[in-house]
Amino acid sequence: MTVKDIYDNFNHLDKHLDFDLEVLSPGKIIYRVTIQDKHLSSPNVGHGAVTAGLMDSTLGTTALTAVFDEGNLVSTVEFKLNYFKPTFLGDKLEARGVVDFKGKSLVTTSAQIIKVDSGELVAKGMGTFNIYPQEKRLKDLIS
């Protein structure tokens, strides 16, 4: 099982929101989404919860990719998000996450979300995640 398998088989919210995951390497990922009607909070304006969800997914999945091959999973301890620009219908967003620190029990990540067409910074975030053994959640799925 890989991080992409977890995304494909269990991360139903990201799929429902049409987030597309690309794992570049352990500790480096990209999520992409185009703002659609279902992402709006008012006429033509993207809902802040979509940006927050994209950030949460980016930070957490980045942390997961850093520990998964060692037989671990992660759970969120906290995350911080700064919004800089609104999103609008049709905006193509790209969220890039990286690992800032990895210890024995915690990993911290940071990410930024940009508008692909203009390069404008939409949001920045950082998160802290608890590292724990895969057996706690995946014991019946790991071969």
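When you check residue 41 against the structure, is it out of contact with any Asp or Glu (no Cβ under 9 Å at 6 or more places or on another chain), closer than 25 Å to residue 5 by Cβ, of a type in the set (Ser, Thr, Tyr) and in a strand (DSSP E or B), yes or no?
Details: out of contact with any Asp or Glu (no Cβ under 9 Å at 6 or more places or on another chain): yes; closer than 25 Å to residue 5 by Cβ: no; of a type in the set (Ser, Thr, Tyr): yes; in a strand (DSSP E or B): yes.
In short, no.
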Legend entry - Hits in the stretch 1-37 - residues which are loosely packed, with under 14 Cβ neighbours inside 10 Å and small (Gly, Ala, Ser): 25
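When the residues of the stretch 87-106 are narrowed to those that are outside any loop (DSSP other than H, G, I, E, B) and either aromatic (Phe, Trp, Tyr) or over 16 Å from the mean Cα position of the chain (by Cα) (or both), which ends up nearest to residue 51 (Cα to Cα)? Steps first, answer last, please.
Looking only at the stretch 87-106, we keep the residues that are outside any loop (DSSP other than H, G, I, E, B), and these are 88, 92-102, 106.
Add one more test, that the residue is either aromatic (Phe, Trp, Tyr) or over 16 Å from the mean Cα position of the chain (by Cα) (or both), and what stays is 88, 101-102, 106.
Working: 88: 11, 101: 24, 102: 25, 106: 24 Å.
In this case the residue turns out to be 88.
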Legend entry - Extreme residue, surrounded by the most Cβ atoms within 10 Å (Cβ to Cβ), among residues of the stretch 58-111 that are of a type in the set (Gly, Ala, Ser) and closer than 22 Å to residue 137 by Cα: 63
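Here is a yes/no grid of residues against (1) in contact with a helix residue (DSSP H, G or I) (Cβ under 9 Å, 6 or more places away or on another chain); (2) among the basic types (Lys, Arg); (3) in a helix (DSSP H, G or I):
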{"site": "9", "(1), (2), (3)": "no, no, yes"}
{"site": "13", "(1), (2), (3)": "yes, no, yes"}
{"site": "24", "(1), (2), (3)": "yes, no, no"}
{"site": "53", "(1), (2), (3)": "yes, no, yes"}
{"site": "59", "(1), (2), (3)": "no, no, yes"}
Legend entry - Residues that are hydrophobic (A, V, I, L, M, F, W, C) and surrounded by 14 or more Cβ atoms within 10 Å (Cβ to Cβ), drawn from the stretch 38-57: 40, 45, 50, 52, 54, 55
Legend entry - Residue check, residue 115 in contact with an Asp or Glu (Cβ under 7 Å, 6 or more places away or on another chain), basic (Lys, Arg) and without any contact (Cβ under 8 Å) to a residue 60 or more places away in the chain: yes
Legend entry - Any pair with Cβ under 9 angstrom, 6 or more apart, that starts in the stretch 22-33 at a residue that is within 14 Å of residue 64 (Cβ to Cβ) and modelled with pLDDT of 95 or more and ends at one that is of a type in the set (Phe, Trp, Tyr) and assigned to a loop (DSSP other than H, G, I, E, B): 31/19
Legend entry - The one condition in (1) touching a residue at least 60 places away in the same chain (Cβ under 8 Å); (2) in contact with a helix residue (DSSP H, G or I) (Cβ under 7 Å, 6 or more places away or on another chain) that residue 71 fails to fulfil: (2)
Inset, instruction - All but one of (1) in contact with a Gly (Cβ under 7 Å, 6 or more places away or on another chain); (2) in contact (Cβ under 8 Å) with a residue 40 or more places away in the chain hold for residue 7, so report the exception by its number. - result: (1)
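The values are calculated or read from the model by the stated rules, or taken from the named source; none is laboratory data. Remember, it's a predicted structure, so these values are computed and weren't measured experimentally. Cβ: placed from backbone, ideal geometry, glycine included. Neighbour counts: every protein chain shown.
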